[in-house]
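The values are calculated or read from the model by the stated rules, or taken from the named source; none is laboratory data. Given the structure is predicted, the values throughout are model-derived calculations rather than measurements. Cβ placement follows ideal geometry from the backbone for every residue including glycine, while neighbour counts extend to all protein chains displayed. These accessible areas exclude ligands, DNA and RNA; they are computed on the full protein's heavy atoms, side chains included. Shrake-Rupley method; radii C 1.70, N 1.55, O 1.52, S 1.80 Å.
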Amino acid sequence: MITREIQLAAQIAGAPALGNFTVATTEVDGEVLVRTDQVGLAATYLELMRADCTIPVPAWQPGQRVGVAAIGTVIRSDSPELAVGDLVQSMTGWSEYSAGPAAQYIKLDPIADPGYYLGQGPTAYYGMADVAAVGEGDVVFVSGAAGGVGSLAGQIAKCLGAARVIGSAGSPAKVDYLVNELGYHAAFDYHDGSAADRLRELAPEGISVFFDVVGGEQYQAALQTARPGARFALCGSLSSQLGDAAERFPKPDHAAAQARGIELLPFSCYHTPDQIAAWREHFSTWLGEGRFVYPQTVVKGGIEDVPQAFLSLLQGSYRGNVSVRLS
């Protein structure tokens, strides 16, 4: 099968641009052939496109297909494990078609909205439930709360028994979205004055858990307002996406944290089968109980539109988990 795919034209240094991507034509063949219906987008992909990638997996190279999670439909199969018409998930990235061994694809239950499978739930659940170990009575602050991970993390904290969940976002509309649609107890626009002052106002007793996907000023604000013994689950540093690796991922202030007995818990989620299964089990239960909202933005377009959708995600144009439904 001849397919079009998005390849990295040049590794990114500084601000990403459309020129870093190219639409290439290639041939795919294998035990199973799959038409890609929808591809997931995540800010983490930006790091994998850099020559000085800090994530402990191989960075993407020029001429290599980019992207990770994809949902598709089997259109040819030589395997007894998968039949034509099956809905499958894979890590085959941004391409119109993919092919490979049947073991490369996970058969999914057909649902009205397959975009549910493309979200960043495993990261949010692992970070909040296993790393931060949120429980009854916790006061939780989530930075970047309107994004793909944050929009799920705050809801997970509530479902795990947190007494109060506070989020930050980059606009009044997103603040309203967090409180009135996702059920955050309180939220603030990080452009609106000192983040530390807002946290003192919204959590006068101090925060016991910080789920951080932003870093920078909001990390410092959390340090200033945390209770002794608070747990900081450090997922990313989106406030400093540009610059070299040291600027993008500044070292946490260990001395200030240790002085207050704060646990700094940096983590990465590798989407292992156990991590995926744990998320899906709890998500299904909470969704069925009406305790959870799945926040997502679905962009419609061809494979050539995926890079622009990715750049728009990085610019904060979307809310929740973002995917592109291929047409």
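Things worth noting here:
- Failed item, numbered, when D52 is tested on (1) outside any loop (DSSP other than H, G, I, E, B); (2) surrounded by fewer than 20 Cβ atoms within 10 Å (Cβ to Cβ); (3) not β-branched (V, I, T): (1)
- Residue count for region 277-297, restricted to those that are crowded, with 16+ Cβ neighbours inside 10 Å and hydrophobic (A, V, I, L, M, F, W, C): 5
- Count of residues meeting criterion [open to solvent by 60 Å² or more (accessible area, probe 1.4 Å) and farther than 17 Å from A99 by Cβ] in region 34-49: 1
- Residues (surrounded by fewer than 24 Cβ atoms within 10 Å (Cβ to Cβ) and in contact with a Phe, Trp or Tyr (Cβ under 9 Å, 6 or more places away or on another chain)) located in region 107-124: L108, I111, D113, G115, Y116, P122
- Meets criteria (hydrophobic (A, V, I, L, M, F, W, C) and either open to solvent by less than 20 Å² (accessible area, probe 1.4 Å) or touching a Ser or Thr at 6+ places or on another chain (Cβ under 9 Å) (or both)) for A83: yes
- Residues (within 16 Å of A309 (Cβ to Cβ) and acidic (D, E)) located in region 1-36: E5
- Neighbours by Cβ (under 6 Å, 6+ apart or cross-chain): first from region 180-199, closer than 19 Å to G147 by Cβ; second among the basic types (K, R) and at pLDDT 95 or above: H185/R164; F188/R198
- Of the helices (runs of 4 or more DSSP H) lying entirely inside region 246-327, the ones with 1 or more residues being farther than 23 Å from L48 by Cβ are found at 254-259, 273-288.
- Residue list for region 254-276, filter: open to solvent by 50 Å² or more (accessible area, probe 1.4 Å) and more than 20 Å from A226 (Cα to Cα): S268, Y270, H271, T272, P273, D274
- Failed item in (1) in a loop (DSSP other than H, G, I, E, B); (2) over 29 Å from S284 (Cα atoms), with R76 passing the rest: (1)
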